[in-house]
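Structure, as C-alpha coordinates:
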Amino acid sequence: MNFFLFQTPELEMDQTEPVVESDNLLSVLMDSGYLSIAIVLILLVLFIVGLYIFVERYTTIKAAGREDQGFMDRIRMEISSGNMANARALCTTTDSPVARMVDKGLQRIGRPLRDIDAAVENVGNLEIFRLEKGLSTLASIAGAAPMIGFFGTVTGMISAFYEMSTADNITPDVLAGGIYSALLTTAAGLFIGILAFVGYNLLVASVDRVVYKIERTTTEFMDLLQEPG
(Lines give C-alpha, C1' and ligand atoms only; values in the text may rest on other atoms or scores of the structure.)
Protein backbone atom coordinates (compact mmCIF):
# COMPACT_ATOMS: atom_id res chain seq x y z
CA MET A 1 0.00 0.00 0.00
CA ASN A 2 2.80 2.39 0.86
CA PHE A 3 4.46 1.49 -2.44
CA PHE A 4 1.50 2.70 -4.50
CA LEU A 5 1.20 5.83 -2.42
CA PHE A 6 4.85 6.56 -3.02
CA GLN A 7 4.51 6.17 -6.80
CA THR A 8 1.42 8.37 -7.19
CA PRO A 9 3.18 11.79 -7.35
CA GLU A 10 5.51 10.54 -10.07
CA LEU A 11 2.58 9.32 -12.15
CA GLU A 12 0.88 12.68 -11.78
CA MET A 13 4.05 14.43 -12.92
CA ASP A 14 4.25 12.28 -16.06
CA GLN A 15 0.69 13.15 -17.04
CA THR A 16 1.37 16.86 -17.25
CA GLU A 17 1.21 18.23 -20.81
CA PRO A 18 4.41 19.63 -22.30
CA VAL A 19 4.59 23.35 -22.96
CA VAL A 20 4.61 24.10 -26.72
CA GLU A 21 6.30 27.28 -27.84
CA SER A 22 4.43 29.22 -30.53
CA ASP A 23 6.41 30.72 -33.41
CA ASN A 24 5.37 33.64 -35.56
CA LEU A 25 5.81 33.79 -39.33
CA LEU A 26 9.04 35.77 -39.10
CA SER A 27 10.73 33.23 -36.85
CA VAL A 28 9.48 30.39 -39.06
CA LEU A 29 10.94 32.15 -42.10
CA MET A 30 14.29 32.76 -40.40
CA ASP A 31 14.51 29.09 -39.43
CA SER A 32 13.56 27.78 -42.89
CA GLY A 33 16.99 28.33 -44.48
CA TYR A 34 18.68 30.79 -46.81
CA LEU A 35 16.99 29.48 -49.94
CA SER A 36 13.48 29.98 -48.55
CA ILE A 37 14.43 33.45 -47.33
CA ALA A 38 15.75 34.33 -50.80
CA ILE A 39 12.55 33.07 -52.44
CA VAL A 40 10.36 35.11 -50.06
CA LEU A 41 12.46 38.20 -50.82
CA ILE A 42 11.98 37.59 -54.57
CA LEU A 43 8.23 37.29 -54.01
CA LEU A 44 8.29 40.52 -52.02
CA VAL A 45 10.03 42.31 -54.91
CA LEU A 46 7.43 40.92 -57.33
CA PHE A 47 4.66 42.17 -55.05
CA ILE A 48 6.11 45.68 -54.93
CA VAL A 49 6.64 45.80 -58.71
CA GLY A 50 3.15 44.47 -59.40
CA LEU A 51 1.56 46.95 -57.00
CA TYR A 52 3.44 49.85 -58.62
CA ILE A 53 2.42 48.77 -62.13
CA PHE A 54 -1.23 48.42 -61.12
CA VAL A 55 -1.46 51.81 -59.40
CA GLU A 56 0.45 53.64 -62.16
CA ARG A 57 -1.51 52.02 -65.01
CA TYR A 58 -4.84 52.43 -63.26
CA THR A 59 -4.37 56.17 -62.84
CA THR A 60 -3.08 56.55 -66.43
CA ILE A 61 -5.90 54.54 -68.00
CA LYS A 62 -8.51 56.30 -65.90
CA ALA A 63 -7.19 59.68 -67.02
CA ALA A 64 -7.15 58.54 -70.67
CA GLY A 65 -10.73 57.34 -70.45
CA ARG A 66 -12.01 60.57 -68.95
CA GLU A 67 -14.36 61.92 -71.60
CA ASP A 68 -15.01 65.59 -72.31
CA GLN A 69 -18.61 65.75 -73.45
CA GLY A 70 -18.17 69.05 -75.30
CA PHE A 71 -14.84 68.32 -77.00
CA MET A 72 -16.21 66.91 -80.26
CA ASP A 73 -18.97 69.54 -80.33
CA ARG A 74 -16.36 72.31 -80.22
CA ILE A 75 -14.26 70.53 -82.86
CA ARG A 76 -17.34 70.27 -85.07
CA MET A 77 -18.08 73.98 -84.61
CA GLU A 78 -14.50 75.04 -85.44
CA ILE A 79 -14.31 72.82 -88.52
CA SER A 80 -17.71 74.00 -89.76
CA SER A 81 -16.57 77.62 -89.47
CA GLY A 82 -13.22 76.84 -91.13
CA ASN A 83 -11.09 77.67 -88.07
CA MET A 84 -8.61 74.80 -88.35
CA ALA A 85 -6.06 76.66 -86.24
CA ASN A 86 -8.52 76.98 -83.36
CA ALA A 87 -9.45 73.29 -83.70
CA ARG A 88 -5.81 72.25 -83.53
CA ALA A 89 -5.20 74.55 -80.57
CA LEU A 90 -8.09 72.89 -78.76
CA CYS A 91 -6.55 69.47 -79.44
CA THR A 92 -3.16 70.65 -78.22
CA THR A 93 -4.53 71.92 -74.90
CA THR A 94 -6.49 68.70 -74.31
CA ASP A 95 -4.34 65.87 -72.93
CA SER A 96 -6.12 62.73 -74.10
CA PRO A 97 -5.66 60.02 -76.75
CA VAL A 98 -8.78 61.21 -78.55
CA ALA A 99 -7.44 64.78 -78.84
CA ARG A 100 -4.11 63.56 -80.26
CA MET A 101 -5.91 61.42 -82.82
CA VAL A 102 -8.16 64.27 -83.93
CA ASP A 103 -5.14 66.59 -84.15
CA LYS A 104 -3.39 64.14 -86.48
CA GLY A 105 -6.50 64.02 -88.64
CA LEU A 106 -6.68 67.81 -88.77
CA GLN A 107 -3.06 67.90 -89.96
CA ARG A 108 -4.02 65.69 -92.90
CA ILE A 109 -7.05 67.68 -94.03
CA GLY A 110 -6.84 68.30 -97.76
CA ARG A 111 -5.61 64.78 -98.50
CA PRO A 112 -7.84 61.84 -99.45
CA LEU A 113 -10.07 60.50 -96.68
CA ARG A 114 -8.27 57.16 -96.85
CA ASP A 115 -4.98 58.82 -95.91
CA ILE A 116 -6.63 60.73 -93.07
CA ASP A 117 -8.25 57.56 -91.74
CA ALA A 118 -4.93 55.69 -91.89
CA ALA A 119 -3.11 58.50 -90.04
CA VAL A 120 -5.75 58.63 -87.30
CA GLU A 121 -5.71 54.84 -86.98
CA ASN A 122 -1.92 54.79 -86.61
CA VAL A 123 -2.07 57.33 -83.79
CA GLY A 124 -4.82 55.28 -82.15
CA ASN A 125 -2.65 52.17 -82.26
CA LEU A 126 0.21 54.06 -80.62
CA GLU A 127 -2.09 55.34 -77.89
CA ILE A 128 -3.37 51.82 -77.18
CA PHE A 129 0.22 50.57 -77.03
CA ARG A 130 1.02 53.26 -74.44
CA LEU A 131 -2.01 52.29 -72.38
CA GLU A 132 -1.01 48.61 -72.39
CA LYS A 133 2.54 49.38 -71.24
CA GLY A 134 3.46 47.20 -68.27
CA LEU A 135 0.46 44.87 -68.54
CA SER A 136 2.59 42.02 -69.87
CA THR A 137 4.88 42.37 -66.85
CA LEU A 138 1.89 42.20 -64.52
CA ALA A 139 0.66 39.08 -66.33
CA SER A 140 4.11 37.52 -65.97
CA ILE A 141 4.04 38.21 -62.22
CA ALA A 142 0.61 36.59 -61.97
CA GLY A 143 1.98 33.43 -63.59
CA ALA A 144 5.47 33.34 -62.10
CA ALA A 145 4.71 34.10 -58.43
CA PRO A 146 2.82 30.84 -57.70
CA MET A 147 5.49 28.79 -59.48
CA ILE A 148 8.29 30.49 -57.55
CA GLY A 149 6.40 29.84 -54.31
CA PHE A 150 5.87 26.20 -55.23
CA PHE A 151 9.57 25.88 -56.04
CA GLY A 152 10.36 27.14 -52.56
CA THR A 153 7.99 24.57 -51.07
CA VAL A 154 9.58 21.70 -53.00
CA THR A 155 13.10 22.68 -51.99
CA GLY A 156 11.96 23.20 -48.40
CA MET A 157 10.35 19.76 -48.27
CA ILE A 158 13.51 18.18 -49.69
CA SER A 159 15.56 19.88 -46.99
CA ALA A 160 13.08 18.89 -44.25
CA PHE A 161 13.01 15.22 -45.26
CA TYR A 162 16.79 15.16 -45.54
CA GLU A 163 17.13 16.47 -42.00
CA MET A 164 14.63 13.89 -40.78
CA SER A 165 16.54 11.09 -42.48
CA THR A 166 19.76 12.09 -40.72
CA ALA A 167 18.19 12.88 -37.33
CA ASP A 168 18.43 10.37 -34.47
CA ASN A 169 15.11 11.30 -32.90
CA ILE A 170 12.19 12.38 -35.10
CA THR A 171 9.31 14.05 -33.28
CA PRO A 172 5.99 15.31 -34.68
CA ASP A 173 7.07 18.86 -33.84
CA VAL A 174 10.12 18.57 -36.08
CA LEU A 175 8.03 17.13 -38.92
CA ALA A 176 5.31 19.79 -38.62
CA GLY A 177 7.82 22.63 -38.35
CA GLY A 178 9.58 21.60 -41.54
CA ILE A 179 6.32 21.26 -43.46
CA TYR A 180 4.70 24.58 -42.53
CA SER A 181 7.92 26.47 -43.08
CA ALA A 182 8.10 24.96 -46.57
CA LEU A 183 4.45 25.74 -47.34
CA LEU A 184 4.99 29.39 -46.39
CA THR A 185 6.47 30.20 -49.81
CA THR A 186 3.54 28.60 -51.65
CA ALA A 187 1.05 30.65 -49.64
CA ALA A 188 2.97 33.85 -50.41
CA GLY A 189 3.27 32.99 -54.11
CA LEU A 190 -0.42 32.21 -54.45
CA PHE A 191 -1.39 35.42 -52.63
CA ILE A 192 0.75 37.57 -54.94
CA GLY A 193 -0.33 35.64 -58.04
CA ILE A 194 -4.03 36.06 -57.26
CA LEU A 195 -3.67 39.80 -56.67
CA ALA A 196 -1.66 40.25 -59.88
CA PHE A 197 -4.16 38.18 -61.88
CA VAL A 198 -7.14 40.19 -60.64
CA GLY A 199 -5.30 43.47 -61.19
CA TYR A 200 -4.31 42.47 -64.72
CA ASN A 201 -7.89 41.65 -65.70
CA LEU A 202 -9.19 44.91 -64.23
CA LEU A 203 -6.65 46.89 -66.26
CA VAL A 204 -7.44 44.98 -69.45
CA ALA A 205 -11.14 45.72 -69.00
CA SER A 206 -10.33 49.41 -68.47
CA VAL A 207 -8.19 49.50 -71.62
CA ASP A 208 -11.04 47.90 -73.61
CA ARG A 209 -13.38 50.69 -72.51
CA VAL A 210 -10.87 53.33 -73.62
CA VAL A 211 -10.41 51.55 -76.96
CA TYR A 212 -14.17 51.62 -77.48
CA LYS A 213 -14.22 55.40 -76.88
CA ILE A 214 -11.29 55.87 -79.27
CA GLU A 215 -13.02 53.90 -82.03
CA ARG A 216 -16.29 55.77 -81.50
CA THR A 217 -14.54 59.14 -81.69
CA THR A 218 -12.62 58.11 -84.80
CA THR A 219 -15.86 57.17 -86.55
CA GLU A 220 -17.48 60.43 -85.47
CA PHE A 221 -14.51 62.47 -86.71
CA MET A 222 -14.44 60.77 -90.11
CA ASP A 223 -18.19 61.28 -90.48
CA LEU A 224 -17.65 64.96 -89.65
CA LEU A 225 -15.13 65.32 -92.47
CA GLN A 226 -17.56 63.79 -94.95
CA GLU A 227 -20.43 66.10 -94.10
CA PRO A 228 -21.43 68.54 -96.87
CA GLY A 229 -19.95 72.02 -96.65
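The values are calculated or read from the model by the stated rules, or taken from the named source; none is laboratory data. What you see is a predicted model, and the numbers here were worked out from it, not measured in a lab. Every residue, glycine as well, gets a Cβ built from its backbone with ideal geometry; the counts of neighbours run over all protein chains shown. Only protein heavy atoms, including side chains, enter the accessible area calculation; ligands, DNA and RNA are left aside. Shrake-Rupley method; radii C 1.70, N 1.55, O 1.52, S 1.80 Å.
Asn86 to Thr137: FRET efficiency via 1/(1 + (r/R0)^6), r the Cβ-Cβ distance, R0 35 Å, to the nearest 0.05?
The value I calculate is 0.25.
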Say R0 is 30 Å: what FRET efficiency, to the nearest 0.05, do Ser165 and Ala38 get from their beta-carbon distance?
-> 0.80
Using 0.36 nm per residue, how much length does the chain from Lys213 to Glu67 gain when fully extended, once their Cα-Cα distance is taken away?
-> 51.7 nm
Once the convex hull of the C-alpha atoms of segment 40-102 is built, how many Å³ does it hold per residue, rounded to a whole number?
-> 69
Straight distance only, please: which lysines reach the Cα of Lys62 with their own Cα at less than 16 Å, same-chain residues fewer than 8 apart left out?
-> Lys133, Lys213
Just read off the accessible area of Ser80 with the full protein assembly in place, 1.4 Å probe, to the nearest 10 Å².
-> 80
Tally Lys/Arg at +1 and Asp/Glu at -1 over every other residue whose Cβ is under 11 Å from the Cβ of Ala118; what's the total?
-> +1
Leu225 to Val55: FRET efficiency via 1/(1 + (r/R0)^6), r the Cβ-Cβ distance, R0 35 Å, to the nearest 0.05?
-> 0.35
Give me D for segment 59-136 in µm² s⁻¹, whole number, from Stokes-Einstein with Rh from the Kirkwood sum over alpha-carbon pairs, 10 °C and 1.306 mPa s.
-> 119
Nitroxide proxy distance, nm - points 7 Å out along Cα→Cβ at Arg108 and Ile48 = 4.5
Given the Cα-Cα distance of Leu190 and Thr94 and 0.36 nm per residue of separation, how much length would full extension add, in nm?
-> 30.4 nm
